[in-house]
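Colleague: Once you've had a glance at the structure underneath, I'll fire off some questions.
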Amino acid sequence: MNNAIEGAEAGAAGPGERPVDKVMPRVNQVTMDDLLEVLAQGLRDFRRVPGYGLFFAGIYTVGGWFLILLLLYFELPYLVYPLAAGFALIAPFIASGFYVVSQRLEAQAAGDGVDLNWGVVLGSVKSVFSRELSWMALVTGFSLFVWMDIAALLSFGFMGFQFFSFAELIDIVFTTPSGWLFLVVGNTAGAIIAFAVFSYSVVSIPMLFDRDIDFITAMLTSVRFVLRNKRVMAVWCVTIAALIGVSLLSGLVGLLVTMPILGHATWHLYRRAVADP
C-alpha cells in the first residue's frame, strides 16, 4: 500500500479553530493487490467464525424475501427488481455485525486477548445505533426511498399506469422496445445512485463504528478516499455489484456467502483506507 495521502494542508488557524489536517482524517492510496488481499481476509474471517456471518446475512436475506413477497402480494411486481437491487444500498449499514467480528479477530491476532462471543457481538451492534451511525442509517435509507421513487416513475413513464402480473411484466420488459429502453434507463439511473451511495459509505460506516467522529466527517473522508483511488474503487464497486447480481439470480440465497465476505472485506479495506488517528 502506498504512503498515506495527506488531506488538505493546514492553514493558519484562528482562535478556537483547529488546523484542517487535524480535523479531516488522512486517506491512503490502495492498489488492485489491496482489493485481492481484503477479499482474502474477508473470506478468512468468514471461514474462521461462519456462524456470525450466516446469522447476519440470514437476517438480511429473510428481510429481502419478506419485502419481495409483500410487493407481489400487493401486485406491485414492477418494484421487485428495483427493490432487490436497491436493497444493496443499505447493506453497508447492516454489515455492522461483520465489522465487530473482524475487529475482534484482528485484535486477537495482535495478541490483545479480547473475547469474541454472541454477547459481545450483539452488544456492540446494539451500541452502534446510539451513535453517529444512526444518522448514516437515515441517509442510506433515504437513498433507498429516492431510488424506489425513481424506479416507480420510470415504470409509469415507460409502461403506463397499468397493472401487470409478474409474468406479463417479464414478457414486456424483455420482448418489447419500450421494455429494453426501460432496462437501459433504469439500470443507468440505478448505477448512478448506487455509485453515489458507494462513494459516501464505502469506508464511512466502518469508520463510524471504529472512531468517535461525526457522520459528516466520515462521509467526506469516504468521498475523498474514492476520489483519490478512482480506478481501484470503480473496480471494487463493480466487484460488489457483480457479486450482488449473482446473489439476486440465486433468489438471494447467495447473500448467505457473498454478504459476510464483503462485510468482513469492507472492514479490512477501511483499515487500509484511512490512516490511524
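Colleague: Scanning the stretch 101-114 for residues that are of a type outside the set (Gly, Ala, Ser) and at pLDDT 80 or above, which turns out farthest from the chain's Cα centre (by Cα)?
Modeller: For the stretch 101-114, the residue satisfying everything is Gln108.
Colleague: Out of curiosity, is Pro92 within 22 Å of Gly42 (Cβ to Cβ), in contact with a Ser or Thr (Cβ under 9 Å, 6 or more places away or on another chain) and either of a type in the set (Gly, Ala, Ser) or modelled with pLDDT under 80 (or both)?
Modeller: Yes.
Colleague: Sort out which residues of the stretch 149-161 are modelled with pLDDT under 75 and either under 14 Å from Leu83 (Cβ atoms) or loosely packed, with under 11 Cβ neighbours inside 10 Å (or both), and write them in order of number.
Modeller: Gly160, Phe161
Colleague: To continue, here is another question. Only one of (1) out of contact with any strand residue (DSSP E or B) (no Cβ under 6 Å at 6 or more places or on another chain); (2) closer than 20 Å to Val139 by Cα; (3) assigned to a helix (DSSP H, G or I) is not met by Ala242, so which one is it?
Modeller: Failed condition: (2).
Colleague: A further question on this structure: Checking Val202 against (1) crowded, with 23+ Cβ neighbours inside 10 Å; (2) without any contact (Cβ under 8 Å) to a residue 24 or more places away in the chain, only one condition comes out false. Which one?
Modeller: The number of the failed condition is (2).
Colleague: Being aliphatic (A, V, I, L, M) and touching a helix residue (DSSP H, G or I) at 6+ places or on another chain (Cβ under 7 Å) is the requirement here; does Val257 meet it?
Modeller: For Val257, the condition - aliphatic (A, V, I, L, M) and touching a helix residue (DSSP H, G or I) at 6+ places or on another chain (Cβ under 7 Å) - is not met.
Colleague: Would you be able to say whether some residue in the stretch 256-270 is part of a loop (DSSP other than H, G, I, E, B) and of a type in the set (Val, Ile, Thr)?
Modeller: No, there is no match, as no residue in the stretch 256-270 is part of a loop (DSSP other than H, G, I, E, B) and of a type in the set (Val, Ile, Thr).
Colleague: Another question, if that's okay. Tell me which helices (runs of 4 or more DSSP H) are completely within the stretch 151-214 and hold 1 or more residues being touching a Gly at 6+ places or on another chain (Cβ under 6 Å), or say none if there are none.
Modeller: It comes to 166-175.
Colleague: While we're looking at this one, here's another question. So His264 ticks every box in (1) surrounded by fewer than 21 Cβ atoms within 10 Å (Cβ to Cβ); (2) in contact with an Asp or Glu (Cβ under 8 Å, 6 or more places away or on another chain) but one. Which box is left unticked?
Modeller: Every listed condition holds for His264 apart from (1).
Colleague: Out of (1) over 15 Å from the mean Cα position of the chain (by Cα); (2) small (Gly, Ala, Ser); (3) assigned to a helix (DSSP H, G or I), what's the single condition that is false for Gly251?
Modeller: Failed condition: (3).
Colleague: Only one of Val223, Val238 is surrounded by fewer than 23 Cβ atoms within 10 Å (Cβ to Cβ), more than 19 Å from Ile94 (Cβ to Cβ) and in contact with a helix residue (DSSP H, G or I) (Cβ under 6 Å, 6 or more places away or on another chain); which?
Modeller: That would be Val223, the only listed residue that is surrounded by fewer than 23 Cβ atoms within 10 Å (Cβ to Cβ), more than 19 Å from Ile94 (Cβ to Cβ) and in contact with a helix residue (DSSP H, G or I) (Cβ under 6 Å, 6 or more places away or on another chain).
The values are calculated or read from the model by the stated rules, or taken from the named source; none is laboratory data. Here the structure is a predicted model, which is why all the values come from computation and not from measurement. Glycine also receives a Cβ, built like all others from the backbone with ideal geometry; neighbour counts cover every protein chain displayed.
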